[in-house]
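The values are calculated or read from the model by the stated rules, or taken from the named source; none is laboratory data. The shown structure was predicted, so the numbers you read here are calculated from the model rather than taken from an experiment. Ideal geometry is used to build each Cβ from the backbone, glycine not excepted, and the neighbour counts take in all protein chains shown. Please note that ligands, DNA and RNA were not included when accessible areas were found on the heavy atoms of the full protein model with its side chains. Shrake-Rupley method; radii C 1.70, N 1.55, O 1.52, S 1.80 Å.
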2 protein chains.
Amino acid sequence: MVPSKEAVVSSYNRVKPHVHQTPVLTSSLLDEMAQAKLYFKCENFQKMGAFKMRGAINAIQQLSEIQKKNGVVTHSSGNFAQALSLAAKNLGVKAYIVMPSNAPQVKKDAVKQYGGIITESQPTLAAREEEANRIQTEKGATFIHPSNDLNVILGQGTAAFELLKKHTDLDYILTPVGGGGLLAGTALASHYLSNHCKTIGSEPFEVDDAWRSLQSGTIETNKTTHTIADGLRTNLGDQNFPIIKKLVSDIIRVDELEIKQAMQLIWERMKIVVEPSSAVPLAAVLKRKAFFNSKKVGIIISGGNVDLKNLPF
Amino acid sequence: MVPSKEAVVSSYNRVKPHVHQTPVLTSSLLDEMAQAKLYFKCENFQKMGAFKMRGAINAIQQLSEIQKKNGVVTHSSGNFAQALSLAAKNLGVKAYIVMPSNAPQVKKDAVKQYGGIITESQPTLAAREEEANRIQTEKGATFIHPSNDLNVILGQGTAAFELLKKHTDLDYILTPVGGGGLLAGTALASHYLSNHCKTIGSEPFEVDDAWRSLQSGTIETNKTTHTIADGLRTNLGDQNFPIIKKLVSDIIRVDELEIKQAMQLIWERMKIVVEPSSAVPLAAVLKRKAFFNSKKVGIIISGGNVDLKNLPF
């Protein structure tokens with residue numbers, strides 16, 4: 001169930017030529033606040049503005065030539081729609097993207113800009129899945145799930161792989177958790193690359209399905225999704241949950257005010273544009289100062305795709 | 001009148017241990033838009049969030065031990081107030097900062113945070129100068145001008161020095177121009193470090209005193225200062241103007257809409273927080289596409305200190 005070290009290393013080598021080796025930034029002011037050494041892996045500087053590019057690149061490359069010829073399909077209104085579109089374009093593959101008819105025009109435009117072929121559906125999960133199924137049947141396209149796909153998971157882990165290659169002595173590595181792809185991939189990289197670095201997830205109280213899933217041992221869902229961290233509203237899946245259960249040491253929950261404050265700190269102190277989901281790990285570190293005291297902590301900044309006209313400050 | 005190569009090199013060596021070697025970022029999307037290769041030297045990541053730290057560090061270090069003991073004084077409500085405060089603190093020197101009584105509380109707080117000793121004055125230039133004079137007399141403090149001081153100018157040039165060391169084949173290097181310290185310092189670095197790199201200033205039409213000064217051959221002033229680029233409202237001085245006249249090949253003017261659009265491009269495409277003044281060089285490159293076509297262009301991103309509650313988007 002848990003991919004091998006070889007799978008982790010070969011995914012890194014496969015993804016590397018197609019993505020930016022994003023910089024790792026530090027901030028003495030934030031270190032002082034946290035009383036820890038923080039290393040921010042800036043996937044907001046990644047192609048299309050988020051780590052999701054990595055998983056899409058890895059998954060598409062693992063397809064057979066015939067599969068590549070027939071294209072890929074997903075349903076998403078978020079970063080994965082853009083990631084799959086751009087990754088497919090860069091690899092010479094068609095990408096069919098099912099988007100709900102009420103998705104913001106700016107998101108549809110971004111997918112189009114990256115060459116994705118949009119099909120609109122009614123804005124229910126059932127309608128989106130039906131439309132994606134239809135495209136699989138009609139076009140022979142391969143469905144790629146945004147987070148519950150082993151090759152996507154392995155691809156997302158390459159950000160942590162790069163971080164751990166550069167900073168070999170991290171004590172902890174934190175990611176936000178939504179669908180679970182980034183957290184599972186990061187845990188795999190950390191497990192195989194470090195002797196002692198522990199992987200910790202972080203999520204809003206408002207959508208604490210991952211925390212509850214670890215408690216109960218089965219995949220839990222969210223009844224409501226009232227969080228500013230719009231990338232984290234989804235649930236874990238049967239591919240990533242076993243990895244998370246085995247390799248993630250803890251999940252820390254934070255409230256909405258803590259997320260907004262951490263986001264503002266990152267913008268004001270580090271001078272980088274990050275989406276609310278990216279601020280969740282810093283909020284977690286600041287919430288658990290005693291725990292992280294004097295430790296070396298890696299943080300995956302997941303992305304920077306925000307609407308500048310609609311900021312929470 | 002024009003400092004020597006030795007002065008440029010020794011300033012670089014003097015400033016280096018006290019500042020961040022800021023990263024140089026690139027963006028394939030912006031390169032495509034500009035049809036040129038752009039290299040952004042990110043002084044928004046500098047200590048206190050702007051290049052002004054460099055000039056303050058250089059100037060304070062050039063003082064005698066007695067001068068250092070008596071402290072430094074300036075009048076400023078902008079980045080230089082913070083820069084002198086932090087530079088002085090880091091070098092174990094007192095900094096007296098004269099600020100107009102109507103300066104925003106957030107700016108006063110920033111100066112205090114960096115250890116500056118604030119004296120409030122009436123909000124006229126005469127009152128500010130009088131107060132600064134009084135402190136010089138009473139405390140024996142040395143006055144340091146934000147832009148019209150050779151050691152400050154040489155310090156500001158160290159950003160371009162770092163950029164040109166890393167990218168030796170730049171065709172042009174662009175900075176915004178306000179008081180003229182950054183532009184003059186950059187021109188000096190470029191003059192001594194490169195065989196062919198030309199230095200170009202950029203400023204808003206609304207405060208085009210530097211452009212008019214180059215036309216007339218004497219220092220011109222602005223009657224009004226209605227520009228979003230609040231760092232660029234000041235005039236050139238007798239220390240930096242001769243350098244600019246001799247070593248700057250052109251000044252490009254841009255309008256307010258062009259500045260806002262360039263600022264939004266930098267935020268959205270590069271995912272970094274920059275102040276409006278920092279967007280002026282990119283606006284200039286995009287305005288003169290034919291001129292910069294296929295060239296290698298360095299851009300000094302001057303700073304990232306903005307009020308997130310008051311953005312132009």
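What to note about this one:
- Of residues in segment B:257-302 being within 11 Å of another protein chain (Cβ to nearest Cβ) and touching a Ser or Thr at 6+ places or on another chain (Cβ under 6 Å), the one nearest to B:GLN46 (Cα to Cα): B:ILE301
- A:VAL306 being touching a residue at least 24 places away in the same chain (Cβ under 8 Å), open to solvent by less than 60 Å² (accessible area, probe 1.4 Å) and outside the structural domain of A:THR22 (by TED's automatic domain parsing): yes
- Search result, residues across segment B:24-44 that are open to solvent by 40 Å² or more (accessible area, probe 1.4 Å) and of a type outside the set (Val, Ile, Thr): B:SER28, B:LEU29, B:GLU32, B:MET33, B:GLN35, B:LYS37
- Failed condition for A:HIS196, given (1) buried (at least 16 other Cβ atoms within 10 Å of the Cβ); (2) part of a loop (DSSP other than H, G, I, E, B): (1)
- Restricting segment B:24-50 to residues that are closer than 16 Å to A:HIS20 by Cβ and acidic (Asp, Glu) leaves a set whose member that is nearest to the other protein chains (Cβ to nearest Cβ) is B:GLU32.
- Filter pass, A:LEU236 being within 21 Å of A:GLU206 (Cα to Cα), away from every other protein chain (no Cβ under 14 Å) and open to solvent by 60 Å² or more (accessible area, probe 1.4 Å): no
- Residue check for A:LEU86: more than 17 Å from the chain's Cα centre (by Cα) and either within 13 Å of chain B (Cβ to nearest Cβ) or not aromatic (Phe, Trp, Tyr) (or both): no
- Residue check, B:SER213 assigned to a helix (DSSP H, G or I) and over 30 Å from B:ASN310 (Cβ atoms): yes
- Between A:THR227, A:THR218, the distinction of being outside any helix (DSSP H, G or I) and open to solvent by 70 Å² or more (accessible area, probe 1.4 Å) belongs to A:THR218 only.
- Test: residue in segment A:169-189 that is open to solvent by 70 Å² or more (accessible area, probe 1.4 Å) and either outside the structural domain of A:PRO23 (by TED's automatic domain parsing) or more than 18 Å from A:PRO276 (Cα to Cα) (or both): no
- Helices (runs of 4 or more DSSP H) contained entirely in segment A:243-313, each with at least 1 residues that are small (Gly, Ala, Ser) and in contact with a strand residue (DSSP E or B) (Cβ under 7 Å, 6 or more places away or on another chain): A:276-287
- Test result for B:THR158, more than 13 Å from B:ILE243 (Cβ to Cβ) and open to solvent by 10 Å² or more (accessible area, probe 1.4 Å): no
- Count - residues of segment A:271-303 that are open to solvent by 10 Å² or more (accessible area, probe 1.4 Å) and among the hydrophobic types (A, V, I, L, M, F, W, C): 3
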